[in-house]
1. Cβ-Cβ below 9 Å, separation at least six or inter-chain, first residue in the range 93-118 and aromatic (Phe, Trp, Tyr), second in a loop (DSSP other than H, G, I, E, B): which pairs?
2. Here are some conditions: (1) at pLDDT 95 or above; (2) under 14 Å from residue 6 (Cα atoms); (3) of a type outside the set (D, E, K, R). Residue 44 meets all but one. Which one does it not meet?
3. Output the residue which, of all residues in the range 58-70 that are of a type outside the set (Gly, Ala, Ser) and at pLDDT below 95, is surrounded by the fewest Cβ atoms within 10 Å (Cβ to Cβ).
4. Using the structure shown, decide if residue 21 is without any contact (Cβ under 8 Å) to a residue 60 or more places away in the chain, among the aliphatic types (A, V, I, L, M), outside any loop (DSSP other than H, G, I, E, B) and surrounded by fewer than 19 Cβ atoms within 10 Å (Cβ to Cβ).
Amino acid sequence: MAIRKPIHVTTADLERLRALVDQNLSSRDADAAARLDEELDRAIPVDVAPPDVVTMNARVAFVDEASGVRRDVVLVFPREADASSGRVSVLAPIGSALLGLSVGDDIEWPLPDGRLARLRILSVAHVAQPPRVAV
């Protein structure tokens, strides 16, 4: 996999995401936590993310350029995930791939079935942040 440019993650999200990684490194989600940890290692902490950057609780439109499928999702913490309503966990392969990307960015990301997704961010909309809860 090619070296990728840094991503932007809010300091508040970064703190919660590091705690989430620590909680899951010895669980059934250990592989997903390790992948997320790798993404966080390239994060540039920011107090407020630019409006076109994917943050936690952002609504993201993206296309998988390998399949042509377009999706609209909200990136959430695992407890808030609900695939039927488009709420994707940051521990899901697509969720950790989207974190910190900007409109126009693309990323190649391995999927559990062995395929390689090539995602391109089409739009980002920030929704009101929910009250802070434990991850």
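The values are calculated or read from the model by the stated rules, or taken from the named source; none is laboratory data. Just so we're clear, the structure is a prediction, and the values are computed from it rather than from any experiment. As a convention, Cβ positions derive from the backbone with ideal geometry for all residues, glycine included, and neighbour counts pool all protein chains shown.
1. 109/1
2. Checking residue 44 against (1) at pLDDT 95 or above; (2) under 14 Å from residue 6 (Cα atoms); (3) of a type outside the set (D, E, K, R), the one that fails is (1).
3. Restricting attention to the range 58-70, the residues satisfying the condition of being of a type outside the set (Gly, Ala, Ser) are 59-60, 62-65, 69-70.
Still in the list and also at pLDDT below 95: 64-65, 69.
Working: 64: 18, 65: 13, 69: 10.
Result: 69.
4. On the way: without any contact (Cβ under 8 Å) to a residue 60 or more places away in the chain: yes; among the aliphatic types (A, V, I, L, M): yes; outside any loop (DSSP other than H, G, I, E, B): yes; surrounded by fewer than 19 Cβ atoms within 10 Å (Cβ to Cβ): no.
No; evaluated as a whole, the condition is false for this residue.
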